[in-house]
Amino acid sequence: MTASLSFARRAILVMAAALTVAAGAAHARDEAPVVAAASDLQFALTEIAAAFDAETGMKVRLSFGSTGNFARQIREGAPFEMFMAADESFIADLNSDGFTRNAGDLYALGRVVIMAPNGSTLIPDEHLDNLASMLIAGQITRFAIANPNHAPYGMRAREALITKGIWENLQPVIVLGENVSQAAQFALSGNAEGGIIAYSLALAPEIGPRGSYALIPGDWHEPLRQRMALLGAAGPVAEAFYAYLKKPAARAIMERYGFVLPDGA
């Protein structure tokens with residue numbers, strides 16, 4: 001009798017464990033897919049995701065950061081279902097190695113601005129003349145950009161500063177953000193005279209009123225051709241969100257944040 005009861009108890013425990021595992025798997029399937037997105041999209045994509053939810057009832061989870069860091073994480077097995085890069089070369093590399101379903105789609109062209117916080121002695125101008133003058137006078141103590149080693153907006157900021165001819169002299173006072181969103185935080189912290197950040201961030205209501213900015217000429221740096229792609233594990237919700245980004249409602253939000261939309265995208 002005791003053996004029978006023991007066997008029955010073990011059977012019940014095994015069944016309970018199996019049900020727990022099954023419930024966990026079902027929960028994982030029902031979780032909103034994670035979209036890895038370049039940090040210049042922080043405000044625009046948040047609005048788009050909310051509109052997507054309101055229209056379809058489907059949710060996505062947004063993770064913002066440096067394009068280069070996300071590309072590395074994807075190669076290491078990060079559970080993203082979609083990747084929105086600030087530089088299409090990262091998508092091309094991932095696609096050639098089989099991490100994306102295809103070559104993806106160009107979704108926007110980005111721009112960079114020089115921005116200074118309210119009260120700064122730096123006066124932003126499109127050709128960086130005031131920055132250069134203040135640098136010569138020793139009046140720049142900190143100037144923020146995203147890390148050009150892995151952040152496309154940092155790469156373009158460096159190219160613009162090289163075009164102006166002040167990159168080398170600016171080195172001692174450069175403060176690097178892990179991504180362009182963090183660079184914006186540093187530039188507007190009050191501990192820096194300013195920085196070079198994404199136009200889309202400067203246009204955000206949460207950031208724009210905190211300072212002044214000027215759009216840097218697009219031919220001062222390589223184009224910020226921003227591309228998105230579905231990853232191998234993408235499910236139907238990620239697929240629906242990908243398609244939604246090509247619709248007029250999503251495109252209108254992107255335009256409002258200063259992105260140039262490619263024809264036919």
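All of the numbers you see were taken from the coordinates with simple rules; none came from a lab. Just so we're clear, the structure is a prediction, and the values are computed from it rather than from any experiment. Note that each Cβ is placed from the backbone with ideal geometry, even for glycine, and that neighbours are counted across all protein chains shown.
Write down the percent of antiparallel bridges among all DSSP beta bridges whose residues are both part of the chain, to the nearest 5. Display every interim value, and only then the final one.
On the way: 19 of 33 bridges.
Beta bridges within the chain, antiparallel portion: roughly 60 percent.
Treat the stretch 37-150 as a sphere of radius equal to its Kirkwood radius over Cα pairs and apply Stokes-Einstein at 25 °C in a medium of 0.890 mPa s; give the translational diffusion coefficient in µm²/s, rounded to a whole number. Each step should come with its number before you reach the end.
Details: Rh = 17.0 Å.
Approximately 144 µm²/s, per Stokes-Einstein.
By count of other Cβ within 10 Å, fewest leading, how are ARG61, ARG111, ARG225 ordered? Can you show the working numbers first?
Working: ARG61 12, ARG111 22, ARG225 19.
Ordered from fewest to most neighbouring Cβ atoms within 10 Å, ARG61, ARG111, ARG225 come out as ARG61, ARG225, ARG111.
What shape does the stretch 110-220 have by the C-alpha gyration tensor, where a ≥ b ≥ c are the square roots of the eigenvalues, rounded means a/c under 1.5, and otherwise prolate means a/b greater than b/c and oblate the rest? Kindly include the intermediate steps, with their values, before the conclusion.
On the way: a/c = 1.29, a/b = 1.09, b/c = 1.19.
Rounded shape, in that the Cα axes give a/c under 1.5.
Rg(Cα) of the chain divided by 2.2 N^0.38 Å? Write down the numbers at each step before the final one.
Working: Rg = 23.1 Å, N = 265, 2.2 N^0.38 = 18.3 Å.
Cα-based Rg divided by the globular estimate yields 1.26.
Positive end of the dipole of the stretch 110-220, charges at C-beta (+1 Lys, Arg; -1 Asp, Glu), about the Cα centre: which of TYR213, ALA144, SER181 has its Cα farthest in that direction?
Positive-most Cα among the choices belongs to SER181.
From the helices alone, meaning DSSP H stretches of at least four residues, give me the mean residue ellipticity at 222 nm for the chain, per-run term -39500 (n - 2.57), in deg cm²/dmol to the nearest 500. Write down the numbers at each step before the final one.
Working: 11 runs with 117 residues, N = 265.
It comes out at -13000 deg cm²/dmol, rounded to the nearest 500.
How long is the gain from GLU239 to ASP97 if the chain were fully straight, where each residue apart is worth 0.36 nm and the alpha carbon distance is subtracted? Numbers along the way, then the final one.
Numbers: separation 142, 0.36 × 142 = 51.12 nm, distance 2.08 nm.
Stretched fully, the GLU239-ASP97 segment lengthens by 49.0 nm.
Pulled fully out, how much extra length does the chain show between ASP263 and ALA78, if you take 0.36 nm times their separation in residues and subtract their Cα-Cα distance? Please report the intermediate quantities before stating the final value.
Values: separation 185, 0.36 × 185 = 66.60 nm, distance 3.18 nm.
Gain on extension, ASP263 to ALA78, equals 63.4 nm.
Relative to the present Cα-Cα distance, how much length would full extension add between GLU47 and GLU206 at 0.36 nm per residue of separation?
Numbers: separation 159, 0.36 × 159 = 57.24 nm, distance 1.31 nm.
Full extension from GLU47 to GLU206 adds 55.9 nm.
At R0 = 30 Å, how high is the FRET efficiency between ALA214 and GLU178 if r is their beta carbon distance? Nearest 0.05 is fine.
Efficiency computed from Cβ-Cβ geometry: 0.75.
Of the peptides 174-182, 159-167, how do they stack up when ordered by the mean number of other Cβ atoms within 10 Å, highest first? List each step's numbers first, then the result.
Details: 174-182: 22.1, 159-167: 17.4.
For the peptides 174-182, 159-167, the packing ranking is 174-182, 159-167.
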